[in-house]
Amino acid sequence: MLSRRRGQVLVILAIAIFALLGMAALAVDLGHLWSVRHELQRSADAGALAGASRFIPPDTGDWADTLVVQPEAEARARDFASRDLVSDRTLKPAVADNEIIVSFPQTDRIKVVTQRPVPLFFARIFGRQIQAVTAEAVAEAREASKNVSCIVPWGMPLPWKDNGDDEPNGDFDSDDVIHPDPLNEEECNQISTLITPYDTVNHQVSEPVSPRDQYLCQGGLRILKPGKPSDTLESGHFFGLDFSSIIVPGSCPEGVTINSGASFYKYMIKHPCECDTNISVTDPLPTIDLEPGDMVGPTTQAVAPLPKGDGMPDPSLMARDPDAYWDMDANKPVSGDAQWQGDNWQGSPRIVKVPVYDPSTPLPQGKSEITVERFVGFWIQDIVVNPKGQGTVVGRYVTLSGDGEADPEGGGGPVVKILRLVK
């Protein structure tokens, strides 16, 4: 009787040992698989965000030109997805290796799937040698509409077509047509492939003038901040913005005085990211106060390049990148400073984010406000300093990436976009 019981104990012990080995195998192998899955996800996320960055010009070609953009976006995705270690070695970027799979579910979305067969440890005793592990990420570039930061204190009207005048930047009349929607390069090229030249020596627009300037098109030439009364949209409004009412208390560096004066206005041109000015296009649309004067002096001091040899502890925007120019062939800005070239082109101080408003809404005389419709990117090409007292800022639309939250709709054009993972 005792012998039989001893036999039963041995059987139970054998089964228990087998079960314990199974649980150990499950725990060790699942832990390893989860670690590899996490590393694959990190690679997929990096690849998707890098690929989606190609949807933001001014790289060669437009984001909507799928024949140009998608191969370049895929190359970026494969490059970045294969940079991090996954189970002690990087993923192979080549298509034939099948470790990184790239697709485009939408024009402005990219999907990256990373995968790898993972050898198992204890599970081999149960006949399981390898387990395939995958991860996927989807990223997109969408127009920023909420909590947009680093905005300069300038307001710009939406572009329009003057039906009664030859010049596209004249006074807005009731019969003029506003063009509020940003256009991708294909749509802009249907209007015209010409980019308006600008003479920075004589500070004047050169002929011929492109009709693209009447739309939100990459490279569209616009007056950003008028400096003399004859250039203003409406008498007395020069569209310097008073940010004092929208600054988050305590968000500015110590020693910065928040007010409606020229000093703080100039500071926010030079340092738009130093104070929290997150602005959202909401319902109802947000409003921002206008400065009551032309602000020619502080605008010039904040923007104009200094003569060579004149150093300042807090230089102007153009003085920080004095040799930048607009590449007419590539239709994009080129920095004269090596630190803002290539993938770092957006770091140039001459590239700013600007709120735009609807010019069909009349503004009263004196201090008033604009209603923000959207945010655009702008490259400062010139400031007209002479004759004395002008301070007119001239530049071109560019597409920028930025911080904030995205609009539910996608699209091209020179707006502020954010890169985000949607899966």
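The values are calculated or read from the model by the stated rules, or taken from the named source; none is laboratory data. None of these values were measured; they are calculated from a predicted model. Cβ: placed from backbone, ideal geometry, glycine included. Neighbour counts: every protein chain shown.
Couple of notes before you dig in:
- Residues located in region 388-402, provided they are surrounded by fewer than 24 Cβ atoms within 10 Å (Cβ to Cβ), assigned to a strand (DSSP E or B) and either modelled with pLDDT of 90 or more or over 18 Å from the mean Cα position of the chain (by Cα) (or both): Thr392, Val394
- Scanning region 319-366 for residues that are basic (Lys, Arg), touching a residue at least 60 places away in the same chain (Cβ under 8 Å) and in contact with a strand residue (DSSP E or B) (Cβ under 6 Å, 6 or more places away or on another chain) yields one hit, Lys353.
- When region 193-212 is filtered for residues that are within 20 Å of Val385 (Cα to Cα), in contact (Cβ under 8 Å) with a residue 12 or more places away in the chain and not β-branched (Val, Ile, Thr), the ones remaining, listed by number, are Pro197, Tyr198, His203.
- Enumeration of residues in region 253-297 that are without any contact (Cβ under 8 Å) to a residue 40 or more places away in the chain and either crowded, with 20+ Cβ neighbours inside 10 Å or among the charged types (D, E, K, R) (or both): Glu254, Phe264, Lys266, Tyr267, Glu274, Cys275, Asp283
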